[in-house]
Amino acid sequence: MSKVVGIDLGTTNSLVAFVKDGAPFVIADESGDTLLPSIVSVDGHDIAHVGREAQRRLLTDASRTVYSVKRFMGRGIEDVKGEEHWFPFRVSGEAGGVVRVHLDGRELTPPEISAFILRELKRRAEAFFAREGDIDPEVAAAVITVPAYFNDAQRTATRDAGRLAGLEVLRIINEPTAACLAYGLDRRREGVIAVYDFGGGTFDISILRVQEGVFQVLSTNGDTHLGGDDIDRLLVQLVTDDVGLDPAARPDAVQAVRKAVIQAKWDLSEFEETHIEVADLPGRSEPYRRRLTRAEFESLIAPIVARTMEPCRRALEDAGLKASQVDEAVLVGGSTRIPMVRREVERTFGRAPHTDLNPDEVVAIGAAVQADILVSGRREMLLLDVTPLSLGIETMGGVVSKIILRNSTIPASGSEMFTTFVDSQTAVDIHILQGEREMAPDNRSLGRFKLRGIPPMPAGLPRIQVRFQIDANGILSVSAHELRTGIAQTIEVKPSYGLTDEEVERMLIESFEHAQEDVDARLLIEVRNEAETIIAATEKTLRRPDFVEIAASRLTRPELALIQAALADLKQSMGVPDRNVIQVKAAALNQATEHLAEVMMNWSVQAALAGRTADDVAAKGR
Amino acid sequence: MQPDTSAIPIDPCKHCGSGAPVDVHFCPRCDRILTLGRHGDYFTFFGLRRRLRLDVKDLEQRFRALSRLFHPDYFHNATPTERLASLERSSYLNDAFRTLRDPMARLEYLLKLEGFTPKESHDSTTKVPQGLLEEVFGLNEELEAIQDMRAEGASASEIALRLSAARRPVEANLDRHEEQLHALMSEHDACLEGGDAEGRQSALSRLRTLLLERTYLMNLLATVRRETGAAEAAAS
């Protein structure tokens with residue numbers, strides 16, 4: 001039987017997971033990597049690269065490389081105004097239509113770009129099952145996660161991406177809920193759980209009640225445009241302002257800065273201070289180096305962290321609970337590694353949050369658990385989620401009449417009666433909106449529906465019942481009946497920020513034409529990935545605040561010189577398209593750092609024995 | 001009044017063609033989930049009598065048990081008819097639970113079921129209910145006086161103080177309404193148990209009046225609270 005996997009299609013990284021004999025696990029690629037950077041890059045030969053290789057191309061070929069495409073899913077050009085110049089790629093689109101990303105002369109929609117990522121995950125999983133000797137390694141279906149606060153257009157775009165990647169999307173589930181399922185597996189506790197999910201591009205908070213194996217979401221809130229990306233952008237701005245760099249003019253340079261600030265951000269989750277280092281920037285002969293302390297970083301990001309607190313408050317209010325009634329808090333998403341975020345969550349919910357599962361992997365694990373429930377039909381666990389936003393229709397004067405209220409358990413349905421305004425009218429227009437505001441233009445337009453085939457009758461006589469159904473994926477469908485004649489009406493849908501079925505079909509055909517793979521290119525990528533891991537680990541050690549102290553007492557000068565030479569050598573070879581060269585240099589660095597690794601291990605053991613915490617060690621190096 | 005059990009309507013099972021009584025969720029013959037079709041009401045769906053004071057814990061338990069029977073997760077490999085039936089039944093269950101869980105929504109729903117609906121829905125929010133005329137009149141006078149104060153240049157904090165004073169009698173009245181509503185609900189349930197149809201109709205009729213008044217008071221209070229909030233914001 002072909003496999004059903006769970007996929008976390010993230011803003012920054014994507015993962016695929018699977019449940020085998022009741023045990024979920026994340027599937028790694030050939031080089032042991034579980035995270036697939038959600039980056040897609042097209043080279044001059046019309047070959048798409050996904051993941052680490054695309055990430056490297058961000059520095060060498062920024063204008064043909066797309067990252068954070070999730071921010072554009074189900075959105076219009078007017079939604080992304082003001083931030084597009086931070087991206088190296090160009091975006092366009094008609095007002096009220098889908099965003100298009102320009103990629104090497106082609107204009108692709110966000111679902112098409114996401115499909116590249118999904119295809120890579122599908123390939124990764126199939127390769128894994130094949131390695132395991134499975135008779136049927138094919139992956140034909142998946143459960144894909146989305147932020148809880150995603151609207152209908154964003155969910156539909158995600159489902160379209162799955163279809164384009166050749167995956168039947170069995171279910172779309174919410175990321176915080178998935179995380180809760182993952183945690184629920186090994187604890188089976190009952191009570192109220194708050195899931196704080198702060199990822200690369202989105203923030204979600206969900207409040208759940210777990211009882212008798214039923215995971216019932218009580219309320220959800222969030223911001224689909226708030227995440228680690230925003231923190232990165234603040235830091236990039238800090239540097240570009242510092243050196244007077246115009247981000248729009250030098251996309252490559254911005255990517256180099258971005259890489260450096262992300263590294264610094266990671267460092268500050270561990271150490272009290274670090275340096276932002278960029279080897280070469282336009283108009284500078286010297287490498288750029290700037291000290292950044294944790295305190296400085298925290299005052300910079302405080303407004304962003306503060307923006308997550310209002311949704312928490314509202315979610316609690318909607319659940320009818322006080323913060324003190326929350327039994328457990330769970331952290332999800334890479335941005336929750338930031339100590340300040342952990343402190344704020346602890347302050348808000350009055351308890352230390354759970355961090356035992358890897359915040360990067362927990363969502364994919366939950367998706368795999370849900371996939372397993374769907375396939376096996378086992379009933380001990382059940383997920384009952386809610387729709388994050390109210391659904392309504394525009395009525396006279398542009399006022400919204402709500403039909404399904406936010407935080408309603410899904411599936412949910414509602415209906416509304418319509419009639420005609422002129423004699424013999426045979427069609428009625430319906431404008432569907434999602435959101436909490438009173439007036440139609442302040443809400444998200446989901447689409448305009450045209451109701452046709454109404455039997456000609458005097459005005460006001462037809463009684464057309466329109467039924468709105470939100471399924472378990474949080475996706476809407478609409479049907480209509482004229483009650484006097486019993487005739488079912490046809491409904492023509494024009495999604496506001498989505499693709500029509502015909503567009504998806506066309507894209508599907510086109511994507512098959514481009515489906516080709518280059519084995520050599522793939523092997524090169526794998527070698528590069530491994531090399532990059534060694535480089536990152538070595539650089540991290542060298543950057544430690546206490547490294548000078550360690551090196552002075554434990555390493556010889558020639559030893560240190562050898563490490564630095566091997567590191568520089570390997571970094572230089574990364575650009576060479578020859579996997580043998582890279583492999584040799586990587587092995588050399590590995591050998592050169594063997595003793596260093598031993599030293600570092602002993603150092604941390606001794607520090608622990610001396611009762612010093614990692615923070616003390618870091619502080620001492622200041 | 002007991003539910004009419006003399007003639008149980010039968011809905012056909014789309015799979016085996018046999019019939020099933022309304023509000024049976026699965027076909028007695030082929031055991032497949034039944035399309036929603038014709039059905040009773042939220043109470044019978046949960047297997048409950050039309051009581052107004054429900055044990056919420058028991059309701060939640062029934063909700064979870066029924067969710068486990070209907071949820072689309074478990075019909076993912078079933079026929080399209082079963083999948084649709086599961087979707088419909090789950091939606092209906094969720095709507096029913098949302099309504100019955102909240103005492104006021106439950107009351108409103110029962111009044112509708114028993115034919116005690118207000119003629120026009122906007123009547124209930126715009127027309128002042130008889131029993132509140134005096135109170136609303138007094139409050140309006142007070143609000144006008146506050147308006148004059150504002151015109152004469154009274155400080156925002158003074159206005160906020162006066163507004164919250166004006167609010168107090170409305171809040172007290174609302175509390176009284178809640179109390180009376182709960183007492184009447186118990187009376188209704190007692191009549192239901194005792195088979196006292198007439199008493200039950202009378203209770204429902206009084207419940208409707210109280211509920212309309214309560215809705216009106218809530219709207220009134222929301223308006224005064226908004227004003228108070230604005231005045232407080234201006235004061236700070």
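Which FRET efficiency value, to the nearest 0.05, is calculated for residue B:175 and residue A:322 with the Förster distance at 22 angstrom and r the Cβ-Cβ distance?
Taking R0 as 22 Å, the efficiency between residue B:175 and residue A:322 is 0.50.
Order of B:112, A:122, A:259 from fewest to most other C-beta atoms within 10 Å?
Working: B:112 12, A:122 23, A:259 17.
The order, fewest Cβ neighbours first, is B:112, A:259, A:122.
What whole-number volume per residue, in cubic angstrom, does the convex hull of the C-alpha atoms of the stretch A:391-506 give?
Working: hull volume 12.6 nm³, N = 116.
Per residue, the Cα convex hull of the stretch A:391-506 comes to 109 Å³.
List the pairs from A:81/A:402; A:265/A:571; A:70/A:259; A:122/A:571 whose alpha-carbon separation is above 24 Å, in the order I gave them. Present the calculation step by step, with values, prior to reporting the outcome.
Details: A:81/A:402 29 Å; A:265/A:571 22 Å; A:70/A:259 19 Å; A:122/A:571 30 Å.
Check vs 24 Å cut-off fails for A:81/A:402; A:122/A:571.
Semi-axes of the equivalent ellipsoid for the stretch A:519-620, please: Cα gyration tensor eigenvalues, times 5, square-rooted, ordered largest first, whole Å.
31, 14, 10
Per chain B: cysteines with no other Cys C-beta under 4.7 angstrom?
By the Cβ distance rule, which asks for a partner under 4.7 Å, the isolated cysteines are B:191.
Using only Cα atoms, what is the ratio of the radius of gyration of the stretch B:123-235 to 2.2 N^0.38 Å?
Here the answer is 1.37, to two decimals.
On a 0 to 90 degree scale, rounded to 10, what angle separates helix A:557-573 from the longest Cα axis of chain A?
Roughly 40 degrees, rounded to the nearest 10.
Between residue B:53 and residue A:225, how high is the FRET efficiency from 1/(1 + (r/R0)^6) when r is the Cβ-Cβ distance and R₀ = 56 Å? Nearest 0.05. Don't jump to the answer; show the numbers that get you there.
On the way: r = 45 Å, r/R0 = 0.81.
The value I calculate is 0.80.
For the stretch B:10-101, just the Cα atoms, rotate onto the principal axes and tell me the three extents in Å, largest first.
39, 28, 17
Determine the equivalent ellipsoid of the stretch A:1-116 by diagonalising the alpha-carbon gyration tensor, then write out the semi-axes as square roots of 5 times the eigenvalues, largest first, rounded to whole Å.
One finds semi-axes of 28, 17, 12 Å for the stretch A:1-116.
Roughly how far apart, in whole Å, are the Cα centres of the stretch B:12-46 and the stretch A:135-181?
Centre-to-centre (Cα) distance: 32 Å.
Take peptides A:333-340, A:228-235, B:40-47 and line them up by average Cβ neighbours within 10 Å, highest first, as a rough protection proxy.
Working: A:333-340: 22.4, A:228-235: 20.9, B:40-47: 17.2.
Ranking the peptides A:333-340, A:228-235, B:40-47 by packing returns A:333-340, A:228-235, B:40-47.
With the cut-off at 16 Å, report for the stretch A:139-216 the share of all Cα pairs above it, as a whole percent.
55
Cut-off is 10 Å between beta-carbons; in what order do A:285, B:155, A:573 appear when sorted fewest neighbours first? Display every interim value, and only then the final one.
On the way: A:285 6, B:155 13, A:573 18.
The order, fewest Cβ neighbours first, is A:285, B:155, A:573.
Tell me, A:202, A:538, A:419, B:228 in order of fewest to most beta-carbon neighbours within 10 Å?
In order of increasing Cβ crowding within 10 Å: A:419, B:228, A:538, A:202.
Please find, in a Gaussian network model of chain B (springs between Cα atoms separated by less than 10 Å), the residue of B:37, B:153, B:195 whose mean-square fluctuation is greatest.
Top of the fluctuation ranking is B:153.
On a C-alpha basis, how far is the centre of the stretch A:63-127 from the centre of the stretch A:273-346 in Å? Whole number, if you could?
Here the two parts' Cα centres lie 26 Å apart.
Determine the calculated [θ] at 222 nm for chain B from helices alone, applying -39500 (n - 2.57) to every DSSP H run no shorter than 4 residues and normalising by the residue count; nearest 500 deg cm²/dmol.
-22000 deg cm²/dmol
So what's the Cα pair-distance distribution over the stretch A:228-304, bin width 10 Å, in %?
Calculated P(r), rounded to whole percents: 20, 56, 23, 2.
Looking at chain B as a GNM with Cα springs under 10 Å, which of B:80, B:103, B:72 has the largest mean-square fluctuation?
It is B:80.
If I stretch the segment between residue A:465 and residue A:452 completely, what's the gain in nm (0.36 nm per residue apart, minus their alpha carbon distance), one decimal?
Result for the pair: 3.4 nm of gain on full extension.
Find the all-direction average of the projected area of the Cα convex hull for chain A, expressing the result in square nanometres with one decimal place.
Quarter of the Cα hull surface area: 30.7 nm².
Once both labels are modelled 7 Å past Cα along the beta-carbon direction, what's the residue B:186-residue A:355 spacing in nm?
The two pseudo-label positions are separated by 5.2 nm.
What's the ranking of A:169-176, B:178-185 by average number of surrounding C-beta atoms within 10 Å, highest first?
Working: A:169-176: 26.0, B:178-185: 15.6.
Those peptides, ordered most packed to least, come out A:169-176, B:178-185.
For a Förster distance of 25 Å, can you work out the FRET efficiency between the beta-carbons of residue A:291 and residue A:568, rounded to the nearest 0.05?
Numbers: r = 23 Å, r/R0 = 0.93.
FRET efficiency, residue A:291 to residue A:568: 0.60.
How high is the relative contact order of chain A? Use alpha-carbon pairs under 8 Å, at least six apart in sequence, and give a whole percent.
Across chain A, relative contact order equals 13 percent.
Along the Cα→Cβ direction, 7 angstrom out, place labels at residue A:63 and residue B:205. What is the inter-label distance in nm?
8.2
Just the projected area, averaged over all directions, of the convex hull on the alpha carbon atoms of the stretch A:249-343: how many nm²?
That works out to 8.2 nm².
Compute the distance in nm between two label points, each set 7 Å from the Cα along the Cα-to-Cβ direction, one at residue B:130 and one at residue A:540.
7.8
Where a number appears in this text, it was derived from the coordinates with a stated rule and is not lab data. Worth saying up front: this structure is predicted, and the values here are computed from it rather than measured. Using ideal geometry, Cβ is built from the backbone for each residue, glycine included, and neighbour counts are taken over all protein chains shown.
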